[in-house]
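Student: Here it is, the structure, as structure tokens.
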Amino acid sequence: MVTEGEPTDFVKVLHLLLLSFSWGMQVWVSFIAGFALVWQVTLHTFGLVQSKLFPVYFYCLLGSNFLSLAVYAVYHPRELLDWHESVQMVLYFVALIMAGLNAQWFGPVVSEVMLKLREVEEEHGLGNQIGLRSQREAYAKLKEQDPKYKSYKSTFGRYHGMSNLCNLLGFICTTTNLIYTALNLSTI
């Protein structure tokens with residue numbers, strides 16, 4: 001690897017900490033916390049917790065991805081990149097874009113529509129049960145009977161799906177960069 005200058009030990013540690021922070025936060029929020037929480041609290045409480053947690057999560061992810069890209073870019077000038085480093089740079093950039101989309105667009109829309117869904121569900125006595133399966137038929141019936149609820153459900157599903165896709169793509173990028181960095185520790 002050709003670099004413009006050698007990073008100090010502090011920069012190397014900072015780079016690893018940023019990547020580790022991003023990856024650990026993504027694992028916890030994406031795969032552990034939600035699954036544990038959904039079986040412990042009511043559906044509406046779960047939605048409220050997510051609506052408060054996700055903006056903080058997305059902006060922390062955005063910041064750490066930006067700093068990771070910046071640190072990497074400083075010590076890997078574009079003119080000197082080999083194809084492995086170019087791919088890694090693209091992965092940092094994609095992770096940054098995915099976090100940005102979630103922080104600025106998908107996350108706020110999902111939270112807004114979730115609150116509208118919650119209002120309609122509360123009018124019909126739904127959402128105060130624990131777990132996802134307890135009143136499945138009642139939710140399906142409400143979706144068939146209320147066109148506004150059906151529209152909200154459709155919008156929520158679309159934006160929630162896009163948010164999840166962005167989160168997953170960002171996670172894959174961060175994981176790949178973390179693996180590449182671990183395999184090439186001497187060249188950070």
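Student: Rank by packing, highest mean first: peptides 146-154, 92-100, with packing defined as the count of other Cβ atoms within 10 Å averaged across residues.
Tutor: The densest-packed peptide leads the list: 92-100, 146-154.
Student: Moving to a separate point now. What does the charge count near HIS124 come to, summing +1 for each Lys or Arg and -1 for each Asp or Glu among other residues with Cβ under 15 Å from its Cβ?
Tutor: So the environment of HIS124 carries a net charge of +1.
Student: For the range 9-187, give the magnitude of the charge dipole about the Cα centre (Cβ charges: +1 Lys/Arg, -1 Asp/Glu; no others), in debye to the nearest 20.
Tutor: Computed about the Cα centre, the dipole is about 420 debye.
Student: Follow-up. Over the chain, what relative contact order in percent results from Cα pairs under 8 Å that are six or more residues apart?
Tutor: 34
Student: Give the calculated FRET efficiency between VAL27 and LEU80 to the nearest 0.05, with a Förster radius of 22 Å applied to their Cβ-Cβ distance. Each step should come with its number before you reach the end.
Tutor: On the way: r = 33 Å, r/R0 = 1.48.
Step by step, r from the Cβ atoms, then E = 0.10.
Student: Would you calculate a helix-derived [θ] at 222 nm for the chain, using -39,500 (n - 2.57) for each DSSP H run of n ≥ 4 and dividing by the full residue count, to the nearest 500?
Tutor: Value at 222 nm, helices only: -25500 deg cm²/dmol.
Student: Let me know the Kirkwood hydrodynamic radius for the chain, please, with Cα pairs as the basis and the value in Å to one decimal.
Tutor: 18.4
Student: Quickly rank 169-175, 72-78, 53-59 as a protection proxy: mean count of other C-beta atoms within 10 Å, highest first.
Tutor: So the peptides 169-175, 72-78, 53-59, ranked by packing, come out 169-175, 53-59, 72-78.
Student: Please list the helices of the chain that count as membrane-span-like by this rule: a mean Kyte-Doolittle hydropathy of at least 0.0 together with Cα atoms stretching 30 Å or more along the helix axis, each helix being a complete DSSP H run.
Tutor: Numbers: long enough: 43-75 (46 Å, 1.09); 147-183 (53 Å, -0.04).
In the chain, the long hydrophobic H runs are 43-75.
Read-outs: derived from the displayed coordinates by stated rules, not from any lab. This is a predicted model, so every value here is computed, not measured. Please note: Cβ atoms are built from the backbone with ideal geometry, for glycine as well, and neighbour counts cover all protein chains shown.
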